[in-house]
Structures are given as C-alpha cells and as structure tokens.
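Participant: Structure provided below as structure tokens; questions to follow.
The values are calculated or read from the model by the stated rules, or taken from the named source; none is laboratory data. Here the structure is a predicted model, which means the values were calculated and not measured. For neighbour counting, all protein chains shown are included, and Cβ atoms are generated from backbone atoms with ideal geometry for every residue, glycine included.
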Amino acid sequence: MRHYGSWVLLLGCLLSVVAKAQVQREEYMDWGEFVAACIDEANTEDNTSQLEAQLEQLEEWHEHPLNINRVVREDLLRFPFLTSEQADSILSYRQRYRCFRTLGELMYVRNLGYDDRRRLSLFLYVGDTVRILTPDKRRWVGGLHEVVARLDVPMYKRAGNKDYEASDLLENPNRVYLGNGLANTMRYRYSWQSDVAYGLTLQKDAGEPFGTYNTYPYDYVSAYAYYRPLSRRWEVWAGDYRVRMGQGLLLGDVWLSSYAVMVEQLPRSQTRVRSHKGTDESHFFRGAAMKWRHGAWELTAFASYRRLDARTEDDTVRSFPDNGLHRTLSECNNRRAVGALVGGAHVSYTKLRGHVGFGFVYSHFDKTVFPVPRDYNRYYMRGTGTAGFSFDYAWHNRRWSVQGEAAMDGKAHFASVHSVRCEVDQYLSLMARARSLSQRFVSLWGDVSQDNGQVQNEHGLMLGAKFSPLDKVEALAYVDGYFHPGPTYRADEASQGWASGLDVRYTPSEKWALRFRYKLKAEQQNVTGYDGMMEYAGTHRWGLYSTYCLPSLTAMMGADMCLSTRQTRGNSVGWMLSARVRWQPSEKIRLQAFAAYFHTDDYASRLYGYEPRLRYDAGFPAFAYHGVRGVLTTEWQVCGWLSLGCRYSLWHYFNRNSISSGTQQIDAPTQNDLTLQARFLF
C-alpha cells in the first residue's frame with residue numbers, strides 16, 4: 001500500500017509540473033525587445049558584468065512567471081521597472097475586484113503606463129486565486145525542477161591554447177592556458193510558487209582547468225536556498241545572495257543602472273535581499289540572511305564569509321580582480337587569495353506614505369589591503385577592515401516622491417544622495433537627483449550609479465523629464481553634471497564632466513514602433529605625454545530603430561552611429577547597420593537571426609547592440625573596427641519536459657588579420673562559435 005501511495009504522490013507531482021508548464025501566457029512584448037531596450041538604456045561601457053548578471057536574473061523570472069492573483073507586495077517590488085506606488089495600485093485593484101481575469105485589466109490600474117503593462121506581461125500570468133495549504137515536505141520537493149546544460153564550442157584556437165616549447169614556458173608560464181577552449185555551464189533550479197527555491201550553478205570558462213588546480217571539478221560553484229512560510233512574516237536566504245540597503249551608499253546592487261531608468265522611476269529606497277543565481281563570480285555574498293516583519297517594522301540582517309580573488313605581495317593585498325577568470329598560473333594563484341567577513345543589519349519603520357531606516361555594515365579581511373599608492377587611490381580603503389552607518393528615508397503621495405540616504409564610514413567621512421520626482425500630470429514628470437560623496441569616504445560594496453568607480457570623490461546633480469508632446473509620442477531627456485574634487489584614474493587633478501541624452505519613441509500601433517536615441521558623455525582627462533594638462537574627451541551616440549511585431553514574427557531594423565572626440569587629436573567615427581528577426585512557426589520551434597555590418601575608426605568609437613542568445617546567456621559584444629557579424633539560434637521544444645537549443649555566431653573583419661591580443665589572440669580574421677544547450681523540466 002505504501003508502494004502505491006508513493007507512485008500516486010509522484011504522479012501528482014508530475015501532473016502539477018505539467019499544469020504549471022502549460023500556463024497560458026499573455027505576453028504583449030517580445031523578450032528580445034525587452035533585453036534590447038535594457039541594453040540601450042544602460043551605461044553599457046561601465047557595467048558589462050553587472051548588466052549580464054541582472055539580465056540572467058530577469059530571464060529566470062521570465063521563465064518562471066508569478067501568478068498575479070497570488071503575488072504580494074514584496075514579489076512585485078523585485079521588478080526594477082515597477083515603483084512602490086504602482087505595486088500598491090495593482091494590489092488595490094485586485095482587492096477591489098477580487099481577482100484579475102486577464103492581464104488586459106492592467107490598463108485600468110492607476111499609475112500603470114503602456115510600457116509598464118507590456119513589461120509586466122513578461123513576468124506575470126493570470127492563475128487561480130485559491131491558495132491550497134501544502135505540507136512543508138511537498139513544498140520542498142514537489143515543485144518545478146529545472147536542469148539546463150550548455151556547452152560552448154570554439155571553432156578556432158586562441159594563443160593561450162597553442163602548444164609551446166618547454167623552454168618558452170619556463171620564461172613565461174602565463175602565456176598558456178591550463179584548460180582547453182571549451183566552456184560549460186550547468187544549472188539546477190527548484191521553485192515552489194514564490195515561497196521555496198534552491199539551486200546550484202557550475203561553470204567552467206574557456207581556458208580554465210577542469211578537475212585540477214583546486215577546481216572541484218568546476219572552477220565556479222554557487223548554491224543558494226530561499227524559504228518564506230505561508231505567514232510571510234519572515235524570509236531566510238542561505239548560500240550565495242545579494243543585498244541592497246537604502247539607496248546603496250553602503251550596499252549597492254543597482255538594477256539596470258542608467259540615466260534613462262532613473263528618469264522613469266527613482267531608485268527605490270528599499271533594503272532588498274535576493275538569491276544569487278547567475279554566473280557572475282564576484283559581486284555577491286556567501287552565508288545567510290534573514291528578513292523579519294512585525295507591523296510597520298522590518299529588520300534585515302546578514303552575515304557572509306567567502307574567499308575573494310586578490311593580487312597579493314606576501315601578506316598584502318594590492319588589488320581585487322573581478323572578472324572571475326582563472327586560466328593561467330597567475331590567475332589561479334589569485335584565486336580565493338583572501339578571506340572577507342562581512343556583516344550588517346538594517347531596521348526600518350514604514351507608515352502610510354513614508355519610511356525611515358537605519359543601517360550598519362562591517363567588513364574584515366584576513367590580510368592587509370594596501371593598494372600600490374597612486375594619486376587616484378590615495379583615499380581607498382587600507383588596512384584590514386572598515387565599517388559604515390547610514391540613515392535612509394522616503395515619502396510619496398500621488399504627485400511627489402522624495403527619498404534619500406546619508407552615510408558615514410568608520411572614520412567619520414560622509415556621503416549622501418537625495419532624489420525628488422514630481423508627476424505634473426499624465427503627460428509630464430520631472431525629477432532631480434543630487435549626490436555628494438566625500439573624497440575620503442570609504443564604501444567597499446556601495447553603488448549609487450556614480451561616474452567614479454568608487455563611491456567617493458564626486459559631487460553631481462542630475463535633472464530629467466519624461467513627457468508626451470504628441471499623441472503616441474513619448475520622450476525622455478536628462479542631463480547630469482558632476483565634479484571630482486580629487487584625482488581619478490584618468491585625471492591627475494580635479495576634473496569635471498557631464499552626460500545628457502534624449503530618447504523619443506513613436507508608437508503608431510501595437511504592431512509598429514519607431515525610436516530615436518541620442519547620448520552624450522564628456523569629461524576631462526589627462527593629455528598623454530603632458531603632465532598637468534587635461535582635455536575634454538567626449539562620446540556622441542545616435543540610434544534609430546524600427547520594430548514590427550506580428551503574432552509569430554518580430555523584426556527590428558537599426559542604424560547606429562558613434563563619434564569619439566578629443567581636443568588634442570582627431571575625431572573617430574563608427575557606424576553600424578543591423579537587423580534582428582524572431583520567427584516562431586509553431587509552438588515547439590523558435591528561430592532567431594541577427595546580422596550587422598559595422599565600420600569604426602578605432603575601439604573608442606565602438607558600438608553596442610543586442611543579439612539573440614539561448615536561455616540564461618546574457619552576454620553582449622562590442623562592435624569595433626570593420627567587419628560583419630551574424631548570429632542564428634534555434635530552439636526546439638521536443639516534449640513537455642525537454643527542449644534543445646543551438647546557436648551559431650560568426651565574426652569576420654575586413655581590416656584585421658588577427659582578433660584580440662595576448663593569450664586571447666586568434667590568428668585569423670574570422671571567428672566562429674557554436675553553442676549547444678539542453679533544458680529539462682521535471
């Protein structure tokens with residue numbers, strides 16, 4: 001009898017998985033269009049690794065949507081494009097009418113615009129309103145299990161994978177990679193609704209060893225677990241996770257960091273913990289975290305210990321490389337070279353339309369951190385530890401939103417950031433954001449979308465507006481001016497700069513959209529070879545895009561241009577024509593293609609763009625010099641529990657005989673890559 005009961009339970013689990021897998025989606029936006037918009041809006045040049053990790057997380061939420069009839073406020077606030085007011089409006093509408101019968105009802109929710117509704121359709125679905133009490137054992141094993149395996153196969157050989165004479169390697173052992181050119185990623189994910197989740201990620205990058213040099217057997221191993229009881233008064237995370245506190249002065253995990261995103265909505269003054277599920281090997285904590293709520297009070301606490309990559313001299317840490325690559329002997333020697341203990345807590349009180357919060361973060365290293373002295377790093381953290389305290393606040397009503405944070409490090413140096421936004425009417429919104437970061441302020445884990453790499457040595461003011469001058473036309477504009485009172489990496493003296501942009505979208509129908517984008521960034525930098533002299537270096541970027549959507553076909557045409565300027569030398573120009581197509585002839589097959597022709601004078605005038613990729617692969621390239629790019633991906637849903645994917649990509653340069661340099665060099669003008677992927681659901 002017990003034997004048959006086990007089979008009945010297993011059959012019930014499988015049926016529940018199939019039912020969940022067959023949820024009817026109402027997607028009003030193509031996923032590729034959403035990712036392309038994120039890349040266009042983000043500060044691509046400065047946040048490549050962070051942006052890739054965030055897009056991986058967003059895609060996982062897209063693959064596992066939430067039931068809009070069961071979500072709570074915390075679930076909605078995890079989406080970076082949704083404000084707290086919009087989340088409250090969605091829940092208020094659901095409470096008033098008891099449930100959503102279709103996502104089309106979002107058009108009746110106050111504060112939700114057309115773009116907001118389209119984005120939400122990628123992450124939500126309409127499901128049952130009944131919540132069935134489920135035993136804890138079933139919640140931990142009876143949900144959705146997912147396994148994704150990916151293999152990247154290069155059809156070329158880099159310099160680091162070539163064979164060398166023993167005498168050559170004795171002179172330079174770091175010219176050869178310790179592993180082959182294959183890259184492999186394995187992911188296991190489990191989820192029960194939005195209350196229980198755990199998973200494991202294994203990755204070997206191209207050139208990294210497998211099963212040797214202390215890789216067991218993969219170079220990167222990451223695991224996480226999350227639990228929230230039905231009462232939802234507390235949550236707990238274990239393993240790898242990320243934390244953001246207040247506005248990010250002490251702990252920053254800025255989502256889709258860009259000026260355009262800040263104009264559309266202010267960065268939420270909210271302490272957030274989320275599991276680290278991606279392949280970013282640097283920007284996360286490892287340990288445990290918890291969040292507890294009681295009435296208007298909320299307490300978040302975390303503790304982390306992990307070994308960080310570091311370049312060391314004896315027992316002194318000189319720098320922290322964050323690319324996560326361990327291909328050569330020197331890179332392997334840097335692997336996990338220093339231990340970091342980090343802990344902190346944040347308590348907040350929320351009432352009606354506002355909240356206040358207090359936070360604390362402490363960091364300690366088991367080796368002395370002392371970067372090689374330079375003018376620009378004069379006030380970087382030195383020693384074995386640092387601490388910081390912060391106070392954050394937020395207040396809003398139907399028209400106004402005000403929020404900010406002030407922080408002090410362990411040596412009483414200050415930093416602050418404050419923002420205000422006004423919804424003048426349904427056609428116009430204005431915002432302003434001021435930041436003042438002391439030259440001596442130390443924050444190892446902070447991020448407030450500053451221009452400087454560190455959260456220090458910067459004062460700035462940003463102004464932005466979003467408006468609809470005509471029917472079906474929406475425009476966004478911003479300008480940000482900043483000043484560095486001390487030296488920076490590219491300027492040996494005090495310097496200044498600014499950034500501005502204009503984004504205009506014309507949507508004559510649900511099928512066709514036209515977009516124009518312009519960005520300018522200019523800042524003072526050193527003049528090479530002339531000590532004490534500085535010049536303005538600027539980058540202008542233009543883009544014109546047309547998107548046409550049908551139920552089974554989406555096509556995009558784009559034209560991009562870049563002008564790089566410096567006062568002491570000639571300008572460089574780059575331009576690119578591109579096309580992207582997504583075709584789904586049936587429910588089981590999806591094809592995507594991308595083609596581009598680009599021509600730039602140098603790397604300074606490089607361009608960026610989105611090209612189709614397989615699931616959970618969020619990388620994107622820079623287009624520089626003179627060549628063509630082609631990508632073709634296909635995905636086949638073999639059955640309800642198995643899908644297969646294949647991606648082929650090609651680079652060909654007309655003005656180069658080799659690609660890249662150093663150990664990454666390819667002695668040919670052409671680069672071909674093949675990616676194979678299998679996805680299992682059970």
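Participant: Residues to consider are R615, R629, R647, R606; find the one that is farther than 24 Å from G207 by Cα and basic (K, R).
Facilitator: On the way: R615 fails: farther than 24 Å from G207 by Cα; R629 fails: farther than 24 Å from G207 by Cα; R647 fails: farther than 24 Å from G207 by Cα.
Within the list R615, R629, R647, R606, the selection yields R606.
Participant: Restricting attention to region 216-226, which residues are in contact with an Asp or Glu (Cβ under 9 Å, 6 or more places away or on another chain), without any contact (Cβ under 8 Å) to a residue 60 or more places away in the chain and of a type outside the set (G, A, S)?
Facilitator: Y218, Y224, Y226
Participant: The conditions are (1) modelled with pLDDT of 95 or more; (2) in contact with a Leu (Cβ under 9 Å, 6 or more places away or on another chain); (3) more than 30 Å from Y536 (Cα to Cα), and P585 fails exactly one of them. Which is it?
Facilitator: The number of the failed condition is (1).
Participant: Taking the criterion of being touching a strand residue (DSSP E or B) at 6+ places or on another chain (Cβ under 9 Å), over 22 Å from R25 (Cβ atoms) and in a strand (DSSP E or B), would at least one residue in region 121-133 satisfy it?
Facilitator: Looking only at region 121-133, we keep the residues that are touching a strand residue (DSSP E or B) at 6+ places or on another chain (Cβ under 9 Å), and these are 123-129.
Now drop any that are not over 22 Å from R25 (Cβ atoms), which leaves none.
No, region 121-133 contains no residue that is touching a strand residue (DSSP E or B) at 6+ places or on another chain (Cβ under 9 Å), over 22 Å from R25 (Cβ atoms) and in a strand (DSSP E or B).
Participant: Hey, among A513, A465, A499, which residue is surrounded by fewer than 18 Cβ atoms within 10 Å (Cβ to Cβ) and either in contact (Cβ under 8 Å) with a residue 60 or more places away in the chain or out of contact with any His (no Cβ under 9 Å at 6 or more places or on another chain) (or both)? Break it down stepwise before answering.
Facilitator: Values: A513 fails: surrounded by fewer than 18 Cβ atoms within 10 Å (Cβ to Cβ); A499 fails: surrounded by fewer than 18 Cβ atoms within 10 Å (Cβ to Cβ).
Result: A465 is the single residue among A513, A465, A499 that is surrounded by fewer than 18 Cβ atoms within 10 Å (Cβ to Cβ) and either in contact (Cβ under 8 Å) with a residue 60 or more places away in the chain or out of contact with any His (no Cβ under 9 Å at 6 or more places or on another chain) (or both).
Participant: Considering region 610-640 alone, what residues qualify as being part of a loop (DSSP other than H, G, I, E, B), among the aliphatic types (A, V, I, L, M) and within 16 Å of S660 (Cα to Cα)? I'd like the intermediate steps shown before the answer.
Facilitator: Let us first name the residues in region 610-640 that are part of a loop (DSSP other than H, G, I, E, B), namely 610-621, 624-625, 640.
Among the residues that remain, those that are also among the aliphatic types (A, V, I, L, M) are: 614, 618, 624.
If the condition is that a residue be part of a loop (DSSP other than H, G, I, E, B), among the aliphatic types (A, V, I, L, M) and within 16 Å of S660 (Cα to Cα), then A624 is the only one that fits.
Participant: Run A415 past the list (1) closer than 24 Å to L308 by Cα; (2) surrounded by 16 or more Cβ atoms within 10 Å (Cβ to Cβ); (3) touching a residue at least 60 places away in the same chain (Cβ under 8 Å) and report the number of the one that doesn't hold.
Facilitator: (1)
Participant: When you check A596 against the structure, is it assigned to a strand (DSSP E or B) and buried (at least 20 other Cβ atoms within 10 Å of the Cβ), yes or no? Let's see the steps before the verdict.
Facilitator: Values: assigned to a strand (DSSP E or B): yes; buried (at least 20 other Cβ atoms within 10 Å of the Cβ): yes.
So A596 passes the test.
Participant: Moving to a separate point now. Could you identify the single residue in D667, D617, D673 that is out of contact with any strand residue (DSSP E or B) (no Cβ under 8 Å at 6 or more places or on another chain), among the acidic types (D, E) and closer than 25 Å to L151 by Cβ?
Facilitator: Details: D617 fails: out of contact with any strand residue (DSSP E or B) (no Cβ under 8 Å at 6 or more places or on another chain); D673 fails: out of contact with any strand residue (DSSP E or B) (no Cβ under 8 Å at 6 or more places or on another chain).
Going through D667, D617, D673 in turn, the sole match is D667.
Participant: Is it true that some residue in region 564-575 is under 27 Å from the mean Cα position of the chain (by Cα), in a strand (DSSP E or B) and closer than 30 Å to E26 by Cα? Give the derivation first.
Facilitator: Of region 564-575, the ones under 27 Å from the mean Cα position of the chain (by Cα) are 564, 574-575.
Pick out the ones that are also in a strand (DSSP E or B) and you get 564, 574-575.
In the following step, the residues that additionally are closer than 30 Å to E26 by Cα were identified as none.
Among the residues of region 564-575, not one is under 27 Å from the mean Cα position of the chain (by Cα), in a strand (DSSP E or B) and closer than 30 Å to E26 by Cα, which makes the answer no.
Participant: Of the residues that sit in region 142-185 and are in a helix (DSSP H, G or I) and touching a residue at least 12 places away in the same chain (Cβ under 8 Å), which one is nearest to S658 (Cα to Cα)?
Facilitator: Restricting to residues being in a helix (DSSP H, G or I) and touching a residue at least 12 places away in the same chain (Cβ under 8 Å), the top hit is A159.
Participant: Right, another one. What's the number of the only condition in (1) more than 17 Å from F360 (Cβ to Cβ); (2) at pLDDT below 90 that S269 fails to meet?
Facilitator: (1) is the only condition that S269 fails.
Participant: Closer than 22 Å to Y506 by Cα, touching a Lys or Arg at 6+ places or on another chain (Cβ under 6 Å) and basic (K, R) - does that describe any residue in region 529-545?
Facilitator: Yes, some residue in region 529-545 is closer than 22 Å to Y506 by Cα, touching a Lys or Arg at 6+ places or on another chain (Cβ under 6 Å) and basic (K, R).
Participant: Scan region 529-547 for residues that are within 25 Å of S605 (Cβ to Cβ), touching a residue at least 12 places away in the same chain (Cβ under 8 Å) and either of a type outside the set (G, A, S) or outside any strand (DSSP E or B) (or both) and jot them down. First the steps, then the outcome.
Facilitator: If we filter region 529-547 for residues that are within 25 Å of S605 (Cβ to Cβ), which is where we start, we get 529-530, 533-546.
From what's left, touching a residue at least 12 places away in the same chain (Cβ under 8 Å): 534-546.
M534, E535, Y536, T539, H540, R541, W542, L544, Y545, listed by residue number.
Participant: Just checking, does region 206-214 include any residue being surrounded by 18 or more Cβ atoms within 10 Å (Cβ to Cβ) and either assigned by TED's automatic domain parsing to the domain that holds A678 or out of contact with any helix residue (DSSP H, G or I) (no Cβ under 9 Å at 6 or more places or on another chain) (or both)? Even if it seems obvious, please write down each step before you answer.
Facilitator: In the first step, residues of region 206-214 are kept if they are surrounded by 18 or more Cβ atoms within 10 Å (Cβ to Cβ); the result is 206-209.
Applying the additional criterion that residues be either assigned by TED's automatic domain parsing to the domain that holds A678 or out of contact with any helix residue (DSSP H, G or I) (no Cβ under 9 Å at 6 or more places or on another chain) (or both) yields none.
No, region 206-214 contains no residue that is surrounded by 18 or more Cβ atoms within 10 Å (Cβ to Cβ) and either assigned by TED's automatic domain parsing to the domain that holds A678 or out of contact with any helix residue (DSSP H, G or I) (no Cβ under 9 Å at 6 or more places or on another chain) (or both).
Participant: Residues being assigned to a loop (DSSP other than H, G, I, E, B), in contact with an Asp or Glu (Cβ under 8 Å, 6 or more places away or on another chain) and surrounded by 12 or more Cβ atoms within 10 Å (Cβ to Cβ): count how many of those fall in region 92-120. Break it down stepwise before answering.
Facilitator: Narrowing region 92-120 to residues assigned to a loop (DSSP other than H, G, I, E, B): 98-102, 109-113.
Then drop every residue that is not in contact with an Asp or Glu (Cβ under 8 Å, 6 or more places away or on another chain), which leaves 102, 111.
The next check asks that each one be surrounded by 12 or more Cβ atoms within 10 Å (Cβ to Cβ); those that pass are 111.
Counting residues in region 92-120 that are assigned to a loop (DSSP other than H, G, I, E, B), in contact with an Asp or Glu (Cβ under 8 Å, 6 or more places away or on another chain) and surrounded by 12 or more Cβ atoms within 10 Å (Cβ to Cβ) gives 1.
Participant: Out of the residues in region 641-682 that are assigned to a strand (DSSP E or B) and among the charged types (D, E, K, R), which is surrounded by the fewest Cβ atoms within 10 Å (Cβ to Cβ)? Spell out how you get there, then give the answer.
Facilitator: Step one: list which residues in region 641-682 are assigned to a strand (DSSP E or B), which gives 642-653, 659, 666, 670-681.
Checking the rest, the ones that are also among the charged types (D, E, K, R) come to 647, 673, 679.
Working: R647: 22, D673: 17, R679: 22.
Checking each candidate, the answer is D673.
Participant: For region 329-347, name all the residues that are modelled with pLDDT under 95 and in contact with a Leu (Cβ under 9 Å, 6 or more places away or on another chain). Break it down into steps so the answer makes sense when it comes.
Facilitator: If we filter region 329-347 for residues that are modelled with pLDDT under 95, which is where we start, we get 329-337.
Hits for region 329-347 are L329, E331, C332, R336, A337.
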